[in-house]
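The block underneath contains the structure these notes are about, expressed in structure tokens.
The values are calculated or read from the model by the stated rules, or taken from the named source; none is laboratory data. This structure is a prediction, so every number in the text was calculated from the model and none was measured. Note that we place each Cβ from the backbone using ideal geometry, even for glycine, and neighbour counts take in every protein chain shown. For accessibility, only protein heavy atoms count, side chains too; no ligands or nucleic acids. Shrake-Rupley method; radii C 1.70, N 1.55, O 1.52, S 1.80 Å.
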Amino acid sequence: MIQIDHISLSFKDQHILKDFTEHIHPKELVGISGKSGCGKSSLLRALLGFVPLAEGHIRIDGLPLEPSTVTEIRKKIAYLPQDLNFPVESVRDMVRLPFELHANRQLRFSEEELFDLWARLNLDRKLYDRKVHKISGGQRQRILLSVMAMLHKPLCLIDEPASALDSDSSEKVLELLRKLREEGSTLVVVSHDQKFLAQCDRTIIL
């Protein structure tokens, strides 16, 4: 699914990742670990073509990542950064907004599917009518994970999905990620939580 060959990433003339090579196979749940500033989040953004490569090459689902293919590649990816703010006031609008994006307009939003995912993640249906600023950080993380799951993308890139969660909620998130893997998705997850990483198929340490 992902072939990363001898890539280097730079920020202000300083290498944050140098000569990195890794192959991630289809239907793998892979954790990404490492010290702060080592390039974990930048690597996810590089896979989307948002961070230019100083050196090396990336192929995703057989396609070389380059300007002529980046739009097609992004259609295959669901990306959930650690801090994501939608320009909406209500949870109802927040969960629908990704389906209005050009890359997802062929997908159908389903309240039934959303609430099924919320049940898996211990989220109350009453949250649907709440204002975004009235929900907790952990609730927001799980709501956005449920929306990501509804997009049914072959590749999911997720940055710190359990950072604001207790151990029970973190386990529910891991169960959902495993379900997505069983349904055919490849998942690359940045996390500092060693218990979470230990339950991935494998962990890449940067």
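Can you go through LEU114, LEU127, LEU97, LEU123 and tell me which one is open to solvent by less than 50 Å² (accessible area, probe 1.4 Å), part of a loop (DSSP other than H, G, I, E, B) and either over 19 Å from LEU29 (Cα atoms) or free of Cβ contacts under 8 Å to residues at least 12 places away in the same chain (or both)? I'd like the intermediate steps shown before the answer.
Values: LEU114 fails: part of a loop (DSSP other than H, G, I, E, B); LEU127 fails: part of a loop (DSSP other than H, G, I, E, B); LEU97 fails: part of a loop (DSSP other than H, G, I, E, B).
Answer to the selection: LEU123.
Considering segment 66-77 alone, what residues qualify as being open to solvent by less than 40 Å² (accessible area, probe 1.4 Å) and either touching a residue at least 40 places away in the same chain (Cβ under 8 Å) or of a type in the set (A, V, I, L, M) (or both)? Talk me through it step by step, then tell me what you get.
Going residue by residue through segment 66-77, those that are open to solvent by less than 40 Å² (accessible area, probe 1.4 Å) are 69-70, 73, 77.
Correct list: VAL70, ILE73, ILE77.
In segment 1-37, what count of residues is obtained for those that are part of a loop (DSSP other than H, G, I, E, B) and closer than 19 Å to ILE58 by Cα?
Number of matching residues: 5.
Figure legend. Inter-residue proximity from segment 78-92: first residues open to solvent by less than 80 Å² (accessible area, probe 1.4 Å), second residues modelled with pLDDT under 80 and not in a strand (DSSP E or B), beta-carbon distance below 7 Å, spacing 6+ or different chains. No pairs are indicated. Of all residues in segment 130-140, exactly one satisfies the criterion of being exposed (fewer than 12 other Cβ atoms within 10 Å of the Cβ) and part of a loop (DSSP other than H, G, I, E, B), namely SER136. Apart from one condition, ILE73 fits all of (1) of a type outside the set (Ser, Thr, Tyr); (2) part of a loop (DSSP other than H, G, I, E, B); (3) under 17 Å from the mean Cα position of the chain (by Cα); the exception is (2).
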